[in-house]
1. Here are some conditions: (1) polar (S, T, N, Q); (2) closer than 21 Å to residue 66 by Cα; (3) open to solvent by less than 30 Å² (accessible area, probe 1.4 Å). Residue 176 meets all but one. Which one does it not meet?
2. List pairs: first in the stretch 170-181 and touching a residue at least 24 places away in the same chain (Cβ under 8 Å) and assigned to a helix (DSSP H, G or I), second surrounded by 13 or more Cβ atoms within 10 Å (Cβ to Cβ) and among the aliphatic types (A, V, I, L, M), Cβ under 7 Å, 6+ apart or cross-chain?
3. Within the stretch 91-136, track down each residue that is within 13 Å of the chain's Cα centre (by Cα) and without any contact (Cβ under 8 Å) to a residue 24 or more places away in the chain.
4. If the requirement is being assigned to a helix (DSSP H, G or I), modelled with pLDDT of 95 or more and open to solvent by 80 Å² or more (accessible area, probe 1.4 Å), which of these qualifies: 63, 88?
5. Of the conditions (1) surrounded by fewer than 19 Cβ atoms within 10 Å (Cβ to Cβ); (2) at pLDDT 90 or above; (3) more than 18 Å from residue 241 (Cβ to Cβ), residue 193 fails just one. Which one is it?
6. Could you please give the count of residues in the stretch 111-127 that are surrounded by fewer than 23 Cβ atoms within 10 Å (Cβ to Cβ) and of a type in the set (Phe, Trp, Tyr)?
7. Residue under question is residue 187, and the condition is that it be open to solvent by less than 50 Å² (accessible area, probe 1.4 Å) and either under 17 Å from residue 251 (Cβ atoms) or in contact with a Lys or Arg (Cβ under 9 Å, 6 or more places away or on another chain) (or both); does it hold?
8. Return the total of residues in the stretch 66-82 being open to solvent by 70 Å² or more (accessible area, probe 1.4 Å) and assigned to a helix (DSSP H, G or I).
Amino acid sequence: MNRREGDGGSRRNADAAQDREASAQSSSPVIAAFKVFQQELDTKHDKHERLVKISRDVTIESKRTIFLLHRVTSVPNAEDILNEAELKLDAVRQKIGQIAEELRGEDIFQFHRAFTGGIQEYVEAASFLHYIRHRSLISLEEINARLVFMKSEKEDSEGPADALQPGGQVLTFQVSPSDYLLGVADLTGELMRMCISSVGNGDIDTPFQLSQFLRQIHDGFSYIGNTGPYEVSKKLHVLRQSLGKVEDACYALRVRGSEIPKHMLADVFSSRTTHMEPEEGVV
């Protein structure tokens, strides 16, 4: 009987000690401060994950737009494809509007790595469409001008800037110069593929236009040198490979174009491209 009373007393003492410790922790300024830190870190992590998911959607839809644009070399009426691609890019911009909403009031550079891949892919798709329409390179200012969104306070929905409504709030997203440069560097690979498709369809003028345009882009990146982002120097090698393949195609067309039937030009160029392909892994 005395042993039971002793055990009960020890339990009560332990419970009382735990209550005193919990009470001390709840009133401790250190514990309260760390709880605030925990909430801030959890909020930042959740926002980072949401940005990663949105960026993944932007990347997927941008790639689909690029695949669609490659069909312009094989259809009689390219305007329908260009209009469809523009609609797809409008949907991508709405996704970027969600990124702008998530970043409202935040330091963009804290979350930059979460969405930079999607933004680069969007720049690549937008610049590819712009080149097909205008045969020129889209500027950073033109890209940012399309990334202005309207968030309605009543409907809590986003729309393009040209649909502004009274009482709405304007959201903007600014593509960084580094994301723009990296997107343009990726564009060169798509232009090289466009050159292959053009040759296959008997178009012998487009490869020479692409060669001149790629040379201008290469010269522009050469001026940057080692002062630009680290990723630019890595992609510059791929840019040079794309330029070399297009120039090789132009050489074959200029020297042997009159000897080879148009339907065989693509085979000649493909064999030359395959011969250079093992160098792709060099960095």
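The values are calculated or read from the model by the stated rules, or taken from the named source; none is laboratory data. Since the model is a prediction, treat every value here as computed from it, not as a measurement. We place every Cβ from the backbone using ideal geometry, glycine too, and count neighbours over all the protein chains shown. All accessible areas refer to the heavy atoms of the entire protein, side chains included, with ligands and DNA or RNA removed. Shrake-Rupley method; radii C 1.70, N 1.55, O 1.52, S 1.80 Å.
1. Unmet condition: (2).
2. Taking only residues 6 or more apart or on different chains, the pairs are 177/140; 179/119; 179/123; 180/123; 180/140; 180/143; 181/232.
3. Taking the stretch 91-136 and keeping what is within 13 Å of the chain's Cα centre (by Cα), we get 92-93, 95-96, 99, 112-127.
Passing the criteria: only 113.
4. The match here is 63.
5. (3)
6. 1
7. no
8. Of the residues in the stretch 66-82, 5 are open to solvent by 70 Å² or more (accessible area, probe 1.4 Å) and assigned to a helix (DSSP H, G or I).
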